[in-house]
1. How far is it, in nm, from the label point at H244 to the one at R171 when both lie 7 Å from their Cα along the line to the Cβ?
2. Tell me which lysines have Cα within less than 26 Å of K481's Cα, excluding those fewer than 8 residues away on the same chain?
3. Treat each spin label as a single point 7 Å out from the Cα along the C-beta direction, and report the Y112 to Q77 distance in nm.
4. Counting only protein heavy atoms, what percent of the accessible surface of the chain is carbon or sulfur at a 1.4 Å probe?
5. So, counting K/R as plus one and D/E as minus one, what does the shell of residues with Cβ under 15 Å around F277 add up to?
6. If DNA, RNA and ligands are ignored and the probe is 1.4 Å, what is the ranking of L243, L147 by accessible area, most exposed first?
7. Can you tell me the 0 to 90 degree angle between the C-alpha axis of helix 206-249 and the longest principal axis of the chain, rounded to 10?
8. Ordered by residue, what ³J(HN,Hα) values in Hz, to whole numbers, does the range 459-470 give under the Karplus form 6.51 cos²θ - 1.76 cosθ + 1.60, where θ = phi - 60° and Gly and Pro are x?
Amino acid sequence: CLGISILTDLDSFQDVVVKIERPTYHKPFLGGFKNRMSGVEFHNAGSQTIPKKRPDKGIQLFCRETQTAFEKNKPQQTKNTTSTQMTKIGLYVSNRTDKLVSPGKYVTADEYHKRRLEAIIVLQTYFRRWHAINVVQNLREQKRLRLAWEAQEELRRKREKEEKLRRENQRRLNPKTKEDFERLYHDLQLWMQEETERINRTPTGAERKAAFCGLQEEEAQLIASIGRHKLNADEENQQKAILHFLNKCAQPKRWKAYDGKITEMDTQYTLRARELFEIYRTVCMIDIPKEERINVLLTLRHTVEEHECNLTREIMELIAREADLMSREVKECNLEGLRKRICTLFLQYIKTPEFNPGVARILKVPPDPLKLYKNVNFCRSCENYLPSTEFPVTANSRTINRCHMCCKLDNEAHRREEFLKYRLILENLRKSEADYQDDAKIVFLIQQQDLQYLIEQIWDCQSALSACNDLYDLVMVRWDKQLEWSPWNTILLTKDEADAHLKLCNLQEAYTATFIHRMNHKHIWAKSYFAQIPAMTSFLQMNDNRANAN
């Protein structure tokens, strides 16, 4: 409350009590001005009547006022008053700008429609001409692109063939892998067959026997040459395998997180393995200065003297011997044998789990001898006990006879076959089936020997469409791409034919009835052969049930 004095008369005042209500809301800023002389700010006043409160009816009410405006567009033409003026007495109007309008020839409805039809025919003629020109240009452009693509594909095939021949010649001259030596023995067998056929065409007698003796001597020389190449390749591959083994031990632990990122972590075992790996690489180096070699030997000595055993004592003795010989200015060529012994013993030191704990998870021979009794089989040829992974097991085999090494030696001595082409077909088949992501199983049960029988006996080592017999250019794909691959749901084609086959939607429309009948015959033949395999029985039953349901 506030007391205010009000002047009632000339000399009398009356006190009046004024009640001021504080607003419950913040007064908005409505503008104003500022006195530049005094700096006082004046704001525009605003007043708002307090809204009347609605009586509480005990229930919650919602009210929304709406106003809908209907709009309508209507064109209007305003009136325009005009007037005309004619010539009359006292007024002359010029007629120079007047036009004389006379009626033309009357046109009937039939004549009108006939004239429109003729105009339409002319328009259609020009449009069809324009459309035909565009179609011909498009066909000509497509033909040009097709010919250019065929020329590029032909050039690509030619280059691939030349590159393939160059690689094969390089592999024959410098064989490195097991497949290279298989190729050499296979070529040797082909050469022997050609020479034998040539000698058999000569007359019988001493000349023929001498030719066979000379052929046998040449074969022995070639086998000895291949053996020398094999020893050199084995030595080089052994060093690469050792470095790969040590590098694998030194790799950090890796795992994939939920967001797809790879996390790496080094443990004390991986750090120890990495340290030993670096020392082994420096010890194996050749043609390094004398001072660096002495530093390497000192580092090696400090590393192995941490453990006291016969192996470490022998390594330290060899280190001291090499240092003594180097101080006596012994030639490098006379120290090669000693340095190889040091590398061999240090590698044995690295492979010992007591000195390098990280190697225990990679060693093929487990530290515990009792584990060797599991999954061990007896080879009837070399009479050795080997792990089950060293034996080739076909899908229909019931016993284990010979190991991989014995089969390899038997092949080199007698048949001299080349299995690389079958391995490549099987690898491509398994890779393509894994891309389908439909949980294919049969393709991983099939082994190399089973695929070899399927290709040689059932498909005659040639494409079902073009009869191409180059197995390096052939692949196996699904006959019906909606079903899982199996020996009774496959077809042997070239790579280009396989790409075109997998794009087909309806096999009955794409191929003739004779070709489909021939494919069904091969599928029945494959099913009858692989039905003897116990592991295939369940898949055959599933296939029959699916066929009956369809």
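The values are calculated or read from the model by the stated rules, or taken from the named source; none is laboratory data. All values reported here derive from a predicted model rather than from experimental measurement. Backbone-built Cβ (ideal geometry, glycine too); neighbour counts: all protein chains shown. Surface accessibility is based on the protein's heavy atoms, side chains included, excluding ligands, DNA and RNA. Shrake-Rupley method; radii C 1.70, N 1.55, O 1.52, S 1.80 Å.
1. In this crude label model, H244 to R171 measures out at 1.6 nm.
2. K421, K431, K441, K495, K503, K522, K527
3. In this crude label model, Y112 to Q77 measures out at 2.1 nm.
4. Ligands and nucleic acids excluded, carbon and sulfur give 53 percent.
5. Details: positive: K240, K248, R272, R274, R281, K351; negative: D266, E275, E278.
That sum, taken over residues with Cβ under 15 Å, equals +3.
6. In descending accessible area the options line up as L147, L243.
7. 50
8. 9, 6, 6, 8, 5, 6, 9, 9, 6, 6, 9, 8
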